[in-house]
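Derivation of every value follows stated rules applied to the coordinates shown; laboratory data play no part. From a predicted model like this one, the values you see are computed outputs, not experimental measurements. Neighbour counts run over all protein chains shown; Cβ positions are idealised from the backbone, glycine included.
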Amino acid sequence: MICGIDLGSRSVKLVLLAEGTVAAEKVLETVDFYRTYGRRSEGELAIDFAALGLGAVDEVVATGYGRNTLDIANATVIPELKAHALGAVWQTGMKDFTLLDLGGQDSKVIKVRRGRMVDFQTNDKCAASTGRYLENMAAVLGISLDELSRYSENPVELSATCAIFGESELIGRIVEGYSVAELAAGVNYTIFKRVRPMLAALPSETVVFTGGVALGGALRRIIEQEMGTRVVVPERPQLNGAIGAAVYAWEKREKYVARN
């Protein structure tokens with residue numbers, strides 16, 4: 001079986017692909033993954049797949065935030081953007097769309113045509129449009145990420161574009177007496193305002209939304225309402241990069257078989 005690994009800043013996602021279908025999957029906190037299932041050997045990171053309980057693995061493809069800082073033993077490494085584009089095409093069956101991926105510490109927008117990436121924009125210099133930002137703002141509001149992701153109506157205006165200043169501004173709005181629902185909606189709108197320029201620069205009739213942030217419904221509704229575009233969230237949005245990594249190897253095998 002093929003194992004695709006997305007080494008994220010906040011979590012590590014693993015997917016096992018067998019005969020073109022997802023046979024197993026796992027999401028682990030990044031630090032726990034390295035401590036529990038990784039072992040340094042001759043300058044490489046050997047992964048204990050048996051301990052992970054994912055079954056037999058005969059090929060590994062890695063991508064993500066940590067792909068350039070960690071050498072995983074016996075693994076092929078591919079760029080994040082390539083993995084995410086492949087994963088979105090495989091998950092949705094679509095060939096033409098714009099992919100929005102919101103990760104723990106960065107955001108990516110990829111324009112896909114005929115199943116291939118033709119352009120992209122990324123924001124990895126500011127946390128204000130990432131999952132980490134939402135975690136911090138949910139903590140300020142004293143609610144869970146799941147609850148935060150429910151609200152999109154009557155948003156409070158939040159103008160700070162920096163994650164740190166954003167927390168201070170949110171506290172000020174709390175003091176002014178706004179409801180949790182209004183405050184949470186305002187937080188979700190700040191994410192939209194950060195990614196809107198990238199989506200506008202790489203437009204499509206359909207946006208495929210992936211990453212952990214896509215598990216909630218608020219931002220999807222906001223994008224659809226504000227930009228008049230259809231937003232598709234695949235079955236496994238958080239695993240998209242890992243799926244794309246595994247698909248990369250699977251497609252190479254299929255092409256080899258077809259040639260021989």
When only C-alpha pairs under 8 Å and at least 6 residues apart count, what is the relative contact order of the chain, in percent? 23
Given H placed 1.01 Å from N in the peptide plane, which residues other than close sequence neighbours of ALA23 have an amide H under 5 Å from its amide H? LEU16, LEU17, ALA18
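If you place +1 on the Cβ of every Lys and Arg, -1 on the Cβ of every Asp and Glu, and leave all else neutral, what size is the dipole of the range 168-260 about its Cα centre, to the nearest 20 Debye? Mind showing how you got there, number by number?
Working: 12 positive and 9 negative charges, 96 e Å.
For the range 168-260, the charge dipole is close to 460 debye.
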Percent relative contact order for the range 117-260, counting Cα pairs under 8 Å at least six residues apart, stands at 24
Among LEU52, LEU145, LEU17, whose mean-square fluctuation peaks in a Gaussian network model of the chain (Cα, cutoff 10 Å)? LEU52
With the chain treated as a Gaussian network of Cα nodes joined by springs under 10 Å, which of ALA62, ALA88, ALA139 yields the largest mean-square fluctuation? ALA139
Exposed loop sites here are trypsin sites (Lys or Arg not before Pro) in DSSP loop states with at most 12 other C-beta atoms within 10 Å. What is the longest stretch of the chain lacking them? 126-260
Along the charge dipole of the range 130-260, pointing to its positive end and built from +1/-1 on Cβ of Lys, Arg, Asp and Glu, which listed residue (TYR248, GLY212, LEU148) has its Cα farthest out? TYR248
Along the charge dipole of the range 13-132, Cβ charges K/R +1 and D/E -1, which of ALA88, VAL57, LEU99 sits furthest on the positive end? LEU99
Between ALA46, LEU239, ALA201, whose Cα lies farthest towards the positive end of the dipole of the chain when Lys and Arg beta carbons carry +1 and Asp and Glu beta carbons carry -1, centred on the Cα centre? ALA201
Give the angle, between 0 and 90 degrees and rounded to the nearest 10, that separates the Cα long axis of helix 180-201 from the longest principal axis of the Cα atoms of the chain. 60
Which of GLU147, GLU254 has the fewest Cβ neighbours within 10 Å, and the rest in rising order: GLU254, GLU147
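If you take every residue apart from GLU25 with its C-beta less than 13 Å away from the C-beta of GLU25, what net charge results, scoring Lys and Arg +1 and Asp and Glu -1? Can you show the working numbers first?
Working: positive: LYS13, LYS26, ARG236; negative: ASP6, GLU235.
Net of charged neighbours comes to +1.
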Cross-link reach list, lysines versus LYS13, counting only Cα pairs under 23 Å and skipping chain neighbours closer than eight places: LYS26, LYS82, LYS108, LYS125, LYS252
Assigned charges on the beta-carbon of Lys, Arg, Asp, Glu; the chain dipole about Cα centre (debye): 740
Roughly what angle does helix 218-227 make with the longest principal axis of the chain, taking Cα atoms, 0 to 90 degrees, to the nearest 10? 80
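Quick one: net charge around ALA85, please, counting Lys, Arg +1 and Asp, Glu -1 for every other residue with C-beta under 14 Å from its C-beta.
Details: positive: LYS82, LYS95, LYS108, LYS111, ARG113, ARG114, ARG116; negative: ASP6, GLU80, ASP96, ASP101, ASP119, GLU251.
After counting each charged neighbour, the total is +1.
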Which whole number in µm²/s is D for the range 132-258 by Stokes-Einstein, with the Kirkwood Rh taken over Cα pairs at 25 °C and 0.890 mPa s? 152
Choice from THR76, THR21, THR122 with maximal GNM fluctuation in the chain (Cα, 10 Å cutoff): THR21
